[in-house]
Amino acid sequence: MKLKKWLTATSILSILPLTAISCIKVNKEKIDKLNDIINLQDEKLATKETEINQLKKALEAINKEKEVISQKINSASNIATNLWNSFSANKDVTTKQAYENAKRIFDIMLKQEGIDTKLVDTTKEKVTLRAENDKFIPVVFMDLDDTVLNNFKVQNYFALNTGFDFNTFEEYIKDASSDEVLGSIEFIKYVWSKGGIVMFNSNRLQKTSVDGSRRNLIKLGLEEKYAPDWVFWMKGVDLNSPMPWKNTSGGNNKEERMNAVNTNEWEIDGVKAKFRTIMRIGDDINDFNDNFTKNNNAQSIKAEVKDKPFGKLFGNSNLENKSIYFNPTTKSWETKNWSESYIFISGNASYGGWIKQLGFKNHAYSAQEGFDKLNEYLWVPKAKNKI
């Protein structure tokens, strides 16, 4: 059968003209050459694609290295404040002085009408409260981070590595490794000894951070009885719950938490207690009336600080200066009928609301953005027009 097909094909070729056979051979050679060219182009294309992929990988590596370098440069801008807060005696003097002043002012705030210092019993292993008509337990609301707990161990880690990371910070909280902001623990004990209560108003998460925060405070010398669950009013407490400290919701501003403590009765161990915030302590402008400060720029806030009721409360020892609340619905200030004082713990310039209030996005800025901002507030020698 194969032989028959071969003979048939041979017979067909035998009757073709020689010119046709020659053309077929030429065309085949051209096709072969064309295929060789195509194969060569394919090889070159494959080589180019390989080179392109290698270049892409090299570019990605360069960009990653550039990002790390950029982060280190930006972190370098915080080196001075990190060193100051980690090692300087100036830091200790500043905070010790602030807390000594806070004691003096706290004693003055206790003298106002409606405040009762005999409703808190600290003589037993567990703090107990009493309720009395038209009488209020005095409260000091304190931020935790860099107000009570010095966080610059972890801030230094962020500066030396790749910047702030939430999960790393959560791990740090659980490790309870913060040192004391000098004077804070002694002040907390002082408030309790005078018939007051210290509550903690922090942006740490209520759901995950109470245990680590409490253990850290105890390690620093605070008695455990002064850190029951109900003194923690951190981010996420459910203000619609009868026991906010036991339940969490989406979130709320610090000012709303303090306002809730002032405006409601709270059942604690079977006692319907009434509280009144007479002092707020923090290291960030947003620790006081963040309904206002979170939504305004530095210029607007500075105007309020200069000669408005908000500014008068910082270091206030005059009982005529009343507590205020910024209503986020009406966008206006409301004046309360009791006095209050704000104590600012200075020194932390590494992070905080001030960065956003200067116009920087995401609470961060590059070194170049920082330099550009400095040009807005600059003295220039007469011999020069610019730096």
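Read-outs throughout are calculated quantities, based only on the coordinates presented, and are distinct from any laboratory measurement. The model shown is predicted, which means the values in this text are computed figures rather than measured ones. We place every Cβ from the backbone using ideal geometry, glycine too, and count neighbours over all the protein chains shown.
Inter-part distance, region 83-147 to region 159-192, computed on C-alpha centroids, equals 19 Å. In the chain, taking the dipole from charged Cβ atoms about the Cα centre, the farthest positive-side position among Val181, Asn297, Thr277 is held by Asn297. Relative to the longest principal axis of the Cα atoms of the chain, helix 206-219 runs at roughly 60 degrees. Each of Thr248, Thr335 was scored by other Cβ atoms within 10 Å of its Cβ. Arranged with the fewest first, they read Thr335, Thr248.
Build a GNM of the chain with springs between Cα atoms under 10 Å apart, and of Lys174, Lys322, Lys64 the one that fluctuates most is Lys64. Restricting region 79-171 to GluC sites (Glu not before Pro) that sit in a DSSP loop and have at most 16 other Cβ atoms within 10 Å of their own Cβ leaves Glu113, Glu125, Glu132. With contacts taken as Cα pairs under 8 Å at a separation of at least 6 residues, the chain carries a relative contact order of 17 percent.
Residues Ile173, Ile52, ranked from the fewest to the most other C-beta atoms within 10 Å, line up as Ile52, Ile173.
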